[in-house]
Amino acid sequence: MDFLNYPQPLADLISSLARLPGIGPKTAGRLAFYLLQQPQISQDLAQAILTANHSLKKCSICSNFTDQDPCALCQNPQRDSTELCVVEHPRDVVSLEKTKEFKGRYHVLHGVLSPMEGIGPEQLTINLLLKRLKGVQEVVMALNPTVEGEATALYLARLLKPLGIKVTRIAHGLPVGGDLEYADEVTIARALEGRRQL
Amino acid sequence: MAVYHADALVIRSREYGESDRVLTLFSREMGKIQAVAKGVRKPKSRQRAGAQLFTYGDFLIHKGKSLDTVSQCSPKESFSYLWSDLDRSLAASAMAELLDISTISGQPNAELFTLTLTCLFLLEQYETSLLLSAYALRLMVILGYRPHLGDCVECGERLQGERLFFSSEAGGTLCGRCRESYSGRMVRAGSIAFMRQLIQADLSKLDRLRWAAWMREEVLETLRHYLEHKFERPLKSWRLGNTISDGLERHIRSLNGKEGKEFE
């Protein structure tokens with residue numbers, strides 16, 4: 001690596017930044033030099049990373065990241081506890097909350113089943129999910145429409161359906177504002193499968 | 001060759017960067033290819049469907065310095081049944097992983113490509129473990145690792161008896177005299193004969209074969225040992241397929257037990 005010619009602390013900073021997702025050695029170098037020229041930003045960033053790491057933990061109920069346990073969403077009495085929405089990542093909770101459409105509670109799996117990457121049910125928070133089913137009438141699978149997401153939804157559906165819980169899946173189809181002409185065949189086929197009466 | 005076409009199957013797809021995916025494609029003409037499909041995790045991407053695991057399609061790829069880039073893809077078959085059947089999806093994962101670890105980039109193998117594609121089409125109707133076993137055995141035959149089944153690998157003696165000694169190290173069954181220097185496992189003669197049938201039978205008539213639960217377990221376990229020994233690495237999907245079924249049963253048991261009472 002060319003950054004090995006830099007002074008050791010700078011080389012360490014670059015190689016640490018290069019370990020972040022989506023950042024290659026070139027971008028890492030640019031970021032490192034920028035941080036060196038902006039001491040206040042570096043200070044704030046370092047502090048924010050440390051604070052987030054120390055104060056954030058996983059909620060003991062839904063596994064979302066939180067600074068208080070249970071998290072604000074799990075504590076909120078206004079939320080409908082008969083509906084549970086299962087998502088892959090904590091950031092998916094934020095996306096769903098932005099819609100203001102879902103009034104129930106969430107459960108974060110922290111991944112999906114991925115046999116080729118060696119991720120099985122034990123690596124996800126399925127045990128925690130099974131412990132919080134009392135009073136739940138519907139579980140909404142808001143997992144990504146990929147083969148792995150579907151496999152995870154099917155796995156959970158197999159577990160939950162025999163218990164008499166309604167298991168639903170968010171719709172697949174055309175994005176709002178999208179053009180049918182430019183949509184791919186698979187998406188159009190899914191959209192047709194999921195058509196509904198007007 | 002700045003741009004090339006590939007008639008290929010997506011055998012691996014992992015997230016990369018902000019919204020990209022790195023695809024491992026197995027193509028008829030060029031063998032295994034790694035290529036980045038840019039922006040395919042965004043809802044507006046037109047290549048989204050083609051970048052999904054197990055999609056078979058026509059890919060237009062730009063040659064890059066380190067990684068190639070997918071610039072267009074037209075899916076021909078997306079094997080949609082895999083999206084609604086957990087067991088079949090796990091079997092397809094095991095097949096794809098096996099293909100991935102057993103092949104080297106840039107070495108075409110049309111026979112292996114046809115076998116994989118045929119098996120993915122047949123997987124929709126056939127028993128999953130039967131097809132997976134047949135696929136694994138035939139893949140080994142194509143790659144030159146055909147196991148000796150029924151006669152001794154070392155001396156060629158025709159073997160008889162209820163149970164035969166199978167050694168992954170030796171590459172098949174061994175007689176009493178030759179087995180001493182090898183590690184292995186005892187396998188019922190019926191399972192060995194069934195494995196022979198899995199190699200020889202017409203793939204399209206495979207569903208006529210019947211096997212008992214013990215035979216299925218023994219064949220799958222013997223094969224897993226053999227494959228892992230030959231490729232010198234654990235088969236994650238193959239192992240996880242069993243773990244997932246076990247985990248499902250365990251979770252169901254736990255729900256019917258302690259937690260299940262909460263619903264009564």
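Give the range A:165-177 a look and list any residue that's at pLDDT below 90 and more than 7 Å from chain B (Cβ to nearest Cβ), or say none. Steps first, answer last, please.
Of the range A:165-177, the ones at pLDDT below 90 are A:171-177.
Once the filter is applied, which keeps residues that are at pLDDT below 90 and more than 7 Å from chain B (Cβ to nearest Cβ), the range A:165-177 yields A:ALA171, A:HIS172, A:GLY173, A:LEU174, A:VAL176, A:GLY177.
Could you please find all residues in the range A:120-141 being open to solvent by 10 Å² or more (accessible area, probe 1.4 Å) and in contact (Cβ under 8 Å) with a residue 12 or more places away in the chain? Give the derivation first.
Restricting attention to the range A:120-141, the residues satisfying the condition of being open to solvent by 10 Å² or more (accessible area, probe 1.4 Å) are A:122-125, A:127-128, A:131-132, A:134-138, A:140.
Correct list: A:GLN123, A:LEU124, A:THR125, A:LEU128, A:ARG132, A:GLY135, A:VAL136, A:GLN137, A:GLU138, A:VAL140.
Condition (residue is assigned to a helix (DSSP H, G or I) and hydrophobic (A, V, I, L, M, F, W, C)) applied to the range A:97-112: is it met by at least one residue?
Step one: of the range A:97-112, the residues assigned to a helix (DSSP H, G or I) are A:97-99.
Restricting the remaining residues to those that are hydrophobic (A, V, I, L, M, F, W, C) gives none.
So far as the range A:97-112 goes, no, none of its residues is assigned to a helix (DSSP H, G or I) and hydrophobic (A, V, I, L, M, F, W, C).
Any residue in the range A:171-183 that is part of a helix (DSSP H, G or I) sitting within a Cβ distance under 7 Å of a residue that is open to solvent by 100 Å² or more (accessible area, probe 1.4 Å) and modelled with pLDDT under 80? List the pairs, counting only those 6 or more apart or interchain.
Here the result reads A:TYR182/B:ARG46, each pair linking the range A:171-183 to a residue that is open to solvent by 100 Å² or more (accessible area, probe 1.4 Å) and modelled with pLDDT under 80.
Table: residues versus (1) in contact with a Pro (Cβ under 8 Å, 6 or more places away or on another chain); (2) more than 28 Å from B:LEU122 (Cα to Cα); (3) part of a loop (DSSP other than H, G, I, E, B).
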position	(1), (2), (3)
B:TYR4	no, yes, no
B:ILE11	no, no, no
B:GLU18	no, yes, yes
B:ARG21	no, no, no
B:VAL40	no, yes, yes
B:SER89	no, no, no
B:ALA92	no, no, no
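Being assigned by TED's automatic domain parsing to the domain that holds B:LEU123 and open to solvent by less than 30 Å² (accessible area, probe 1.4 Å) is true for just one of B:SER19, B:SER93. Which residue is that? Outline the logic, then answer.
Working: B:SER19 fails: assigned by TED's automatic domain parsing to the domain that holds B:LEU123.
Being assigned by TED's automatic domain parsing to the domain that holds B:LEU123 and open to solvent by less than 30 Å² (accessible area, probe 1.4 Å) holds for just one of B:SER19, B:SER93, which is B:SER93.
Among the numbered conditions (1) under 22 Å from B:ARG21 (Cα atoms); (2) open to solvent by less than 70 Å² (accessible area, probe 1.4 Å); (3) at the interface with chain B (Cβ under 8 Å from one of its Cβ atoms), tell me where A:GLU117 comes up short.
Among (1) under 22 Å from B:ARG21 (Cα atoms); (2) open to solvent by less than 70 Å² (accessible area, probe 1.4 Å); (3) at the interface with chain B (Cβ under 8 Å from one of its Cβ atoms), the lone unmet condition for A:GLU117 is (2).
Filtering the range A:142-170 down to residues that are touching a residue at least 12 places away in the same chain (Cβ under 8 Å) and over 22 Å from B:SER89 (Cα atoms), which residue is farthest from the chain's Cα centre (by Cα)?
By that ranking, first place goes to A:LEU163.
Here's the yes/no breakdown for (1) within 21 Å of A:ASN144 (Cβ to Cβ); (2) buried (at least 20 other Cβ atoms within 10 Å of the Cβ); (3) aromatic (Phe, Trp, Tyr):
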site: A:LYS57; (1), (2), (3): no, no, no
site: A:ASN64; (1), (2), (3): yes, yes, no
site: A:ASN76; (1), (2), (3): no, no, no
site: A:THR82; (1), (2), (3): no, no, no
site: A:ASP92; (1), (2), (3): yes, no, no
site: A:VAL108; (1), (2), (3): yes, yes, no
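Just to check your reading of the model, which residue among B:SER167, B:SER80, B:SER181, B:SER84 is over 25 Å from B:ILE244 (Cβ atoms), polar (S, T, N, Q) and open to solvent by 30 Å² or more (accessible area, probe 1.4 Å)?
On the way: B:SER167 fails: open to solvent by 30 Å² or more (accessible area, probe 1.4 Å); B:SER80 fails: over 25 Å from B:ILE244 (Cβ atoms); B:SER84 fails: over 25 Å from B:ILE244 (Cβ atoms).
None of the other options fit; the residue is B:SER181.
Is it true that A:VAL167 is assigned to a loop (DSSP other than H, G, I, E, B), under 27 Å from A:LYS103 (Cβ atoms) and β-branched (Val, Ile, Thr)?
Taking the combined requirement at face value, the residue does not satisfy it.
Restricting the search to the range B:28-50, which residues are among the β-branched types (Val, Ile, Thr) and free of Cβ contacts under 8 Å to residues at least 12 places away in the same chain?
The first filter runs over the range B:28-50 and keeps only residues among the β-branched types (Val, Ile, Thr), leaving B:33, B:36, B:40.
The answer is none; no residue qualifies.
Tell me, please, whether a residue that is under 30 Å from B:ARG21 (Cβ atoms), of a type in the set (A, V, I, L, M, F, W, C) and within 18 Å of the chain's Cα centre (by Cα) can be found in the range A:42-54.
Scanning the range A:42-54 turns up at least one residue that is under 30 Å from B:ARG21 (Cβ atoms), of a type in the set (A, V, I, L, M, F, W, C) and within 18 Å of the chain's Cα centre (by Cα).
The values are calculated or read from the model by the stated rules, or taken from the named source; none is laboratory data. These numbers come from a predicted model, not from an experiment. A quick note on method: Cβ atoms are made from the backbone with ideal geometry, for glycine too, and the neighbour counts reach across all protein chains shown. Each accessible area value is taken on the protein alone, full model and side chains, heavy atoms only, with ligands, DNA and RNA left out. Shrake-Rupley method; radii C 1.70, N 1.55, O 1.52, S 1.80 Å.
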